[in-house]
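**Q** Below is the structure I would like to discuss, written out as structure tokens.
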Amino acid sequence: MYESYDPYDKATRDDPYPIYRVLRDERPVHYAAGSQSWCVSRYEDVEYVFKHPELFSSKTQQFLVESEPRNMIAGLRMAAWFMWKMKAGPRTLRNSRMLIQEDGEIHATMRAFVNRGFTPRTIAQLEKRVSEIVATCMDSVRGRDSFDLVSELNIPLPVTVIAEMLGIEPADRAQFKTWSDDMIRQASNPNPQLVREMADTIGEMRDYMKPIIAARRANPTDDLISTLVMTDGEAALSDFEVFFFILLLLVAGNETTTNLLGNAVDALLERPAVIDRVKADPGLIPALIEETLRWDSPVQCITRRVEREVELAGTVIPANAKVIVLIGSANRDERRFPDPDRFDIDRDTRGHLAFAVGKHFCLGASLARLEARVALESLIPELSHLQRVRPEREFLDSFIIRGRTRLELRRAS
């Protein structure tokens with residue numbers, strides 16, 4: 001069964017967990033010829049990859065977009081199109097660092113800059129505003145017989161939070177949301193035309209953000225962009241590096257919360273007894289969030305590049321090989337989590353890898369947890385009176401991100 005497994009294969013996307021189990025049992029380090037990648041599936045090995053960036057580098061060719069392996073000519077054409085839309089030459093882009101694609105001292109320096117916008121105090125101060133956004137979203141659906149939770153709450157919540165953190169003008173936030181929706185749709189689909197459209201979207205965002213970044217350098221305000229450009233005598237991030245971080249925040253920040261919420265509600269709708277328990281004791285919501293992160297991880301995998309030949313789980317991986325780290329599989333590894341396919345909010349979820357571990361631990365993890373907790377505190381009392389409009393689940397067309405494109409609910413009769 002595992003011989004034909006490839007992470008790009010759409011046949012396993014709706015339910016990848018059975019093949020993950022086979023991989024863990026029979027081929028924990030599996031070479032997928034179609035994508036020319038080595039897939040790592042056991043918890044112990046995935047954790048090892050995360051904790052050894054000197055062996056497994058983040059400097060991959062993947063730039064915010066997953067794509068089927070393409071020939072060199074197609075790749076060069078796409079790169080040329082991207083440079084044209086960004087109005088930048090290859091040297092400028094090559095020298096513009098991106099946080100998730102750096103290692104060592106460069107990564108540590110960049111992370112020190114962006115960490116200033118995600119301190120525990122900063123995140124805690126957002127709770128009141130997050131509550132207001134959730135209340136507005138919930139007020140808009142309470143009087144309706146049916147609604148789509150994804151479009152009415154799961155997407156608007158993180159988009160609005162991020163736009164406000166960045167200091168985007170209220171009049172422009174609708175456009176910001178459109179860009180976010182486009183990026184999510186484009187990044188979640190390997191269609192070459194959508195890859196080209198993604199370059200168009202990034203180009204539009206670059207044109208919009210360029211004068212804002214320049215204005216914050218000249219006159220800092222109380223927002224995240226100002227935090228990123230304030231140097232205090234340190235080596236500053238370039239304009240492109242600030243923009244690339246905003247781009248990363250827009251995609252990763254939105255995707256994590258949007259799909260964490262959708263996956264949690266999807267699990268709860270199958271388990272009315274759990275809804276009743278959490279409704280009676282909202283103090284269980286953090287445990288519910290952590291179990292959702294483990295059981296149905298919003299980010300199913302990430303890519304690494306092998307710095308030098310290395311042996312993992314008895315298999316030799318050659319230098320410069322692409323490694324696909326199967327987070328979703330590691331979090332269902334029975335060697336680490338007993339009875340892993342059971343959704344259990346009483347489980348000890350400590351050590352799950354949904355946000356990675358080590359130097360590349362997800363910068364926005366605390367924000368995603370805050371947004372999910374506040375949203376679920378408001379939503380769970382309503383779930384007892386809601387049911388699915390249709391039983392079918394519509395998943396994102398993505399091998400990286402796992403989530404529902406829609407989650408239509410109606411008032412129970």
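**Q** Find the residue count for region 1-46, including only residues that are polar (S, T, N, Q) and in contact with a helix residue (DSSP H, G or I) (Cβ under 8 Å, 6 or more places away or on another chain).
**A** The number of residues fulfilling the criteria is 2.
**Q** Can you list the strands (runs of 3 or more DSSP E) found entirely within region 303-355 that contain at least 1 residues being in contact with a Pro (Cβ under 6 Å, 6 or more places away or on another chain)?
**A** It comes to 322-326.
**Q** Continuing with the same structure: Which condition breaks for THR221 when tested against (1) in a helix (DSSP H, G or I); (2) free of Cβ contacts under 8 Å to residues at least 60 places away in the same chain; (3) of a type in the set (Ser, Thr, Tyr)?
**A** So the condition that THR221 fails would be (1).
**Q** Within region 356-373, how many residues turn out to be exposed (fewer than 14 other Cβ atoms within 10 Å of the Cβ) and in a loop (DSSP other than H, G, I, E, B)?
**A** Counting residues in region 356-373 that are exposed (fewer than 14 other Cβ atoms within 10 Å of the Cβ) and in a loop (DSSP other than H, G, I, E, B) gives 1.
**Q** For region 313-339, which positions are of a type outside the set (Val, Ile, Thr) and buried (at least 21 other Cβ atoms within 10 Å of the Cβ)?
**A** Those that are of a type outside the set (Val, Ile, Thr) and buried (at least 21 other Cβ atoms within 10 Å of the Cβ): LEU326, GLY328, SER329, ALA330, ASN331, ARG332, ASP333, PHE337.
**Q** Next question, about the same structure. Going by the conditions given, is GLU334 modelled with pLDDT of 95 or more, within 19 Å of the chain's Cα centre (by Cα) and among the charged types (D, E, K, R)?
**A** no
**Q** Would you tally the residues in region 235-255 being farther than 23 Å from PHE355 by Cβ and of a type in the set (Gly, Ala, Ser)?
**A** 3
**Q** Right, here's the next one. Just to be sure I understand the filter: pairs with C-beta atoms under 6 Å, separated by 6 or more residues or on different chains, first member in region 42-56 and of a type in the set (Ser, Thr, Tyr), second member assigned to a helix (DSSP H, G or I). Which pairs pass?
**A** Within 6 Å, the pairs are TYR43/ALA330.
**Q** If you don't mind, there's one more thing I want to ask. Among the residues that make up region 226-249, is at least one of them among the small types (Gly, Ala, Ser), buried (at least 16 other Cβ atoms within 10 Å of the Cβ) and either assigned to a loop (DSSP other than H, G, I, E, B) or modelled with pLDDT of 95 or more (or both)?
**A** The answer is no; no qualifying residue exists.
**Q** Checking VAL310 against (1) closer than 30 Å to MET110 by Cα; (2) out of contact with any strand residue (DSSP E or B) (no Cβ under 8 Å at 6 or more places or on another chain); (3) modelled with pLDDT of 95 or more; (4) surrounded by fewer than 23 Cβ atoms within 10 Å (Cβ to Cβ), only one condition comes out false. Which one?
**A** Result: VAL310 fails condition (2) only.
**Q** Go through region 356-413 and count every residue that is without any contact (Cβ under 8 Å) to a residue 40 or more places away in the chain, within 23 Å of MET138 (Cα to Cα) and acidic (Asp, Glu).
**A** Going through region 356-413 one residue at a time, the tally reaches 1.
**Q** I'm trying to understand the selection: among the residues of region 250-285, which are out of contact with any Leu (no Cβ under 9 Å at 6 or more places or on another chain), farther than 22 Å from VAL134 by Cα and assigned to a helix (DSSP H, G or I)?
**A** Hit for region 250-285 is ALA273, nothing else.
**Q** Inside region 2-118, counting only helices (runs of 4 or more DSSP H) that do not spill past its ends, which hold 2 or more residues that are surrounded by fewer than 20 Cβ atoms within 10 Å (Cβ to Cβ) and either hydrophobic (A, V, I, L, M, F, W, C) or modelled with pLDDT of 80 or more (or both)?
**A** Where helices (runs of 4 or more DSSP H) fall fully within region 2-118 and carry at least 2 residues being surrounded by fewer than 20 Cβ atoms within 10 Å (Cβ to Cβ) and either hydrophobic (A, V, I, L, M, F, W, C) or modelled with pLDDT of 80 or more (or both), they are 17-26, 43-51, 72-86, 104-115.
**Q** Kindly provide the set of residues from region 372-413 that are modelled with pLDDT of 90 or more, small (Gly, Ala, Ser) and over 17 Å from ALA280 (Cα atoms), ordered by number.
**A** Passing the criteria: ALA372, GLY403.
The values are calculated or read from the model by the stated rules, or taken from the named source; none is laboratory data. What you see is a predicted model; the values in this text were computed from it and never measured. With ideal geometry, Cβ positions are generated from the backbone for all residues, glycine too; neighbour counts draw on all protein chains shown.
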